[in-house]
Amino acid sequence: MQLALHDRQHGYYATRPGLMKDFATAPEISQVFGELIGLWAVNEWRAMGSPARFDLIEIGPGRGVLMTDALRAASADPDFMAALTLRLIEPSPALQTVQAERLGAYDPQFYTGLDQVPANDAIIIANEWLDCLPIRQFVTSPEGWRERVVGLGEDEALVFGLSPVMDTLPEPAPSGAEEWEYSPALEAAADDIARRFTQHKGRALLIDYGPDAITPADTLRAYQNGAQVSPLDHPGEVDMTADVDFAALSRYASARGLDVSGPLPQGLFLKSLGLESRVSTLMAANPADAARIGEAAMRIASPDEMGLRFKAICLSSGNLGLPAGF
């Protein structure tokens, strides 16, 4: 996954910055998504004591749509806008160019990893970042646990296989599981956020898809032009993803001293932030476009669409109280 998605020469994100049509994301479906997150950030900045300087960090900004909508809404508070330094975590040079063009008015600072960003009071936003983190898959057999691996078949095409029996696992297998997934990068992400919030105030709002209480198993998949395809057929040309293990993320974050809020279904989170009121206002102001606005809002909030499968989770430094929406 790491090579297929992030290789600087051949990876999916490096070679297709203007395309990104293989999997629709909430910010590109409805502007209200980003607007509500922008207002959420203003509220949490105030909860942090309205620091005169703080970092607004987005991890995996894509084409910059979410942050554009967020800052347009947040500009209603000029003190918030004056206090923030916009820092974008983006390993793809091609996507950095796209983001710089869209967000240039806010003087964004670019980094390839969160560990490169100076530690300050911060609000971190990440939508559909965790599902791109590499995973490992383990499968039980009569002899013991084996890891699913990728190799070359007789025709030199990529194929899945199994490792020899493993003496140890990276962490205990879920009780009763025959298959399960583990993401070292997910644990590292919790580590990075916890180190940042040890001596500074902050919240990290992470939105993605996956179960809220069980360990994912066999969820690696790929998308191309809106259709699901094999992750092995065209690596570097398809968007690859795996369900987020929110239970593990909560466990990692709590063990590192972070306060954990959620996970909460995306639809409930957005509605608690005022989704319906904002959509009604937009529809009234744009009657010719009202049907499209309403349909887009339904896609991101309905339990039958993205509202239930996607979850919001917030990791916070101590003593900030409950974040808005949770």
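The values are calculated or read from the model by the stated rules, or taken from the named source; none is laboratory data. Computed from a predicted structure; not experimentally measured. No Cβ is skipped: glycine too gets one built from the backbone with ideal geometry, and neighbour counts run over all protein chains shown.
List of remarks:
- Within region 37-65, residues that are touching a residue at least 24 places away in the same chain (Cβ under 8 Å) and within 20 Å of residue 322 (Cα to Cα) reach no partner that is surrounded by 19 or more Cβ atoms within 10 Å (Cβ to Cβ) and polar (S, T, N, Q) with beta carbons closer than 7 Å at six or more positions or on different chains.
- Filter pass, residue 209 being touching a residue at least 24 places away in the same chain (Cβ under 8 Å), surrounded by 17 or more Cβ atoms within 10 Å (Cβ to Cβ), in contact with a Lys or Arg (Cβ under 8 Å, 6 or more places away or on another chain) and more than 29 Å from residue 65 (Cβ to Cβ): no
- The set of residues in region 229-251 that are surrounded by fewer than 21 Cβ atoms within 10 Å (Cβ to Cβ) and out of contact with any strand residue (DSSP E or B) (no Cβ under 6 Å at 6 or more places or on another chain) comprises 230, 233, 234, 235, 236, 237, 247, 248, 251.
- Given (1) closer than 18 Å to residue 25 by Cα; (2) among the aliphatic types (A, V, I, L, M); (3) at pLDDT 95 or above; (4) outside any loop (DSSP other than H, G, I, E, B), index of the condition residue 222 fails: (3)
- Among the candidates 216, 231, the residue that is touching an Asp or Glu at 6+ places or on another chain (Cβ under 7 Å), in a loop (DSSP other than H, G, I, E, B) and farther than 24 Å from residue 33 by Cα is uniquely 216.
- Yes/no for residue 222 being buried (at least 20 other Cβ atoms within 10 Å of the Cβ) and free of Cβ contacts under 8 Å to residues at least 40 places away in the same chain: yes
- Qualifying residue in region 19-40 (condition: in a loop (DSSP other than H, G, I, E, B), of a type in the set (Ser, Thr, Tyr) and closer than 30 Å to residue 240 by Cβ): yes
- In the condition set (1) surrounded by fewer than 15 Cβ atoms within 10 Å (Cβ to Cβ); (2) touching a residue at least 40 places away in the same chain (Cβ under 8 Å); (3) over 21 Å from the mean Cα position of the chain (by Cα), residue 184 is compliant with all but (3).
- Scan of region 87-143 for residues that are over 18 Å from the mean Cα position of the chain (by Cα) and in a helix (DSSP H, G or I), ordered by number: 93, 94, 97, 98, 100, 101, 102, 103, 104, 105, 106, 116
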